[in-house]
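The values are calculated or read from the model by the stated rules, or taken from the named source; none is laboratory data. What you are looking at is a predicted structure, and each value in this text was computed from that prediction instead of being measured. Backbone-built Cβ (ideal geometry, glycine too); neighbour counts: all protein chains shown.
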């Protein structure tokens, strides 16, 4: 109608990033032992050195990441871990209730009364009781009372826990006990920690997709002495050179000595403020600490899944299974409809593989099978996108290149390529397969 060309991009498919418990065996069912931890530590250190954070970043063998702000005035220690699947599902289904809880806490901190339906308060209490019953084990003892924030956007399926021994701040349930919340006192820059957590959960390190089912625990938060901030090495060299120049000029005249003291004071104040306000540095430090703590755990990609209901006859049943297997589908149930010769098949299919699925299955079955797709859930992709062969058995099984199809790596690279991020891929795959072109005589 408008007589213009329309440029249509490929469909944008959402993914989620998460962490899992460390696996016990590798790709060839061998005991991993400590090689997984060593590989992860080397990976995080290599990425930190590339980002020039090695002088302010420390990574422990247990996954504890300690990061210092550039001006050395604040220190944050973070540990990441997976949430129980039941807790993740409950948080995802209760996002509206969590958003209401955050609004109540905000109005309570600002001293503004907020009229809330008694039924909503009962639902919040019920949500708290359900979380308490789902957090089982010594690791999650009193975890509900130590919840600092939810994320991303303050209502997502990720949790920030307060494990700082010296800091007993009110939890997110403070609106249920207004008297106790008024008596509690928040530390300065408390909101900077929350903001850094929100930024970290909004875009993960794998392909800048939101996180899901991850628990970040703040183990330590120290505000160091700000009277004499420590400058980085390049600034210290510049300050020494500047002071040496002033010492030479000091021997010539006392007037220049007084001027040099003023100049030195100006230089010190400038070097202390060159990184910006402490609150902004703490936000950035918390975000980077959460990202590195996430990378210190086994990372996985989560794909959105469709529930696929197919009705087909016995003659085309094998073709239906062939199309599902080709598109990474998984059959959950197969039963015959009573009184007919039709089979009812229930399967799950990744959304990323669903484009053109209905047309293909109709073509393969000559129109005798018709699928119906409905969004179902998020599912963790089992393959590790960062896996490379390390042991001798893995080299024998997968080869040195390990160029077999990795579904998670394919999805991750597609998202990174769409967002303009760096994608590590080989331009020349088989350099030995070259040919010399000779001129025809």
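At a glance:
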read-out: Verdict on residue 134 being surrounded by fewer than 20 Cβ atoms within 10 Å (Cβ to Cβ), modelled with pLDDT of 95 or more and closer than 27 Å to residue 291 by Cβ; value: no
read-out: Residues within region 323-336 that are under 12 Å from residue 310 (Cβ atoms) and either part of a helix (DSSP H, G or I) or at pLDDT below 90 (or both), tallied; value: 2
read-out: Complete set of residues in region 1-16 that are surrounded by 10 or more Cβ atoms within 10 Å (Cβ to Cβ) and assigned to a loop (DSSP other than H, G, I, E, B); value: 13, 14
read-out: Test: residue in region 129-139 that is free of Cβ contacts under 8 Å to residues at least 40 places away in the same chain, in the same structural domain as residue 203 (by TED's automatic domain parsing), within 15 Å of residue 219 (Cα to Cα) and outside any helix (DSSP H, G or I); value: no
read-out: Search result, residues across region 143-175 that are within 19 Å of the chain's Cα centre (by Cα), more than 17 Å from residue 294 (Cβ to Cβ) and part of a loop (DSSP other than H, G, I, E, B); value: 153, 154, 155
read-out: Hits in region 69-122 - residues which are more than 14 Å from residue 176 (Cβ to Cβ), outside any helix (DSSP H, G or I) and out of contact with any strand residue (DSSP E or B) (no Cβ under 7 Å at 6 or more places or on another chain); value: 69, 70, 71, 72, 84, 94, 110, 111, 112, 113, 115, 117
read-out: Yes/no for residue 303 being farther than 30 Å from residue 204 by Cα and either part of a strand (DSSP E or B) or assigned by TED's automatic domain parsing to the domain that holds residue 378 (or both); value: no
read-out: Qualifying residues in region 352-376 (those that are in contact with a strand residue (DSSP E or B) (Cβ under 7 Å, 6 or more places away or on another chain) and assigned to a loop (DSSP other than H, G, I, E, B)) - the one surrounded by the fewest Cβ atoms within 10 Å (Cβ to Cβ); value: 368
read-out: Any hit, region 255-263, residues being outside the structural domain of residue 207 (by TED's automatic domain parsing), surrounded by fewer than 17 Cβ atoms within 10 Å (Cβ to Cβ) and at pLDDT 85 or above; value: no
